[in-house]
Amino acid sequence: MKRTIPIPANAAAAPVAEAANPATSPARLRQIAQAQPARVEPTPVLEAVAANPNTPPDVLLPLVTRCTDAFLRNPVTPLLLLEDPHFLHPLPADALKRLLMRPTAPPLLVAPLTRHRDSDVAQAAGLHVSVAGEAGPEWEAEAADLIRGLRIGFAAEQLAELAELG
């Protein structure tokens, strides 16, 4: 007969609370992140690690793509690029473009990407609301011009036609 050991109701919350605690040491945050399963989708614990200001940069970088919103909530995110302007450069262009889709990305993070080696990333960064500002009264014409300029072959013409239809 198997004997079961009762698990306290707050046991699942304990790792999240420790990972979210800004007093948790960088070394402990590294251990917590490394103990998480290697899945694509984020876990609550990884979200907490990504948002923690004590998380070491080398632990934080792989979490950018898995826990983007938590990374953007991390109060040290803008400072990482002051310390290392190329902090995000190891990430693939697709990951950077997904990051740039978040309107909450701070200007200190977005501005350096306007000079990224991938022209699509640089263009997306230049169009980000934190750099370009809010859309003005001529936004529809500007959007149509940008769509026409996309480098995606025959589909660009179809997208431009769709933009004209409204």
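The values are calculated or read from the model by the stated rules, or taken from the named source; none is laboratory data. Just so it is clear, the model here is predicted, and its values are computed rather than measured. When we count neighbours, we look across all protein chains shown, and the Cβ atoms used for this are built from the backbone with ideal geometry, even at glycine.
A few notes on this one:
- Scanning segment 12-57 for residues that are in a helix (DSSP H, G or I), under 24 Å from D84 (Cβ atoms) and not aliphatic (A, V, I, L, M) returns P26, R28, R30, Q31, Q34, E47, P57.
- Across segment 123-150, the qualifying residues are those that are under 20 Å from the mean Cα position of the chain (by Cα) and not in a helix (DSSP H, G or I), and the one among them that is surrounded by the fewest Cβ atoms within 10 Å (Cβ to Cβ) is G133.
- In segment 90-98, the condition of being at pLDDT 75 or above, among the small types (G, A, S), on the phi > 0 side of the Ramachandran plot and surrounded by fewer than 16 Cβ atoms within 10 Å (Cβ to Cβ) is met by no residue.
- Subset of segment 45-70 [within 22 Å of V121 (Cα to Cα), in contact (Cβ under 8 Å) with a residue 24 or more places away in the chain and surrounded by 15 or more Cβ atoms within 10 Å (Cβ to Cβ)]: L61, L63, V64, T65, R66, C67, T68, A70
- Among the residues of segment 24-44, those identified as exposed (fewer than 11 other Cβ atoms within 10 Å of the Cβ) and under 19 Å from the mean Cα position of the chain (by Cα) are A38, R39, V40, E41.
- Of all residues in segment 105-122, those satisfying the criterion of being part of a helix (DSSP H, G or I), more than 20 Å from V76 (Cα to Cα) and either under 17 Å from the mean Cα position of the chain (by Cα) or not polar (S, T, N, Q) (or both) are T114, R115, D120, V121, A122.
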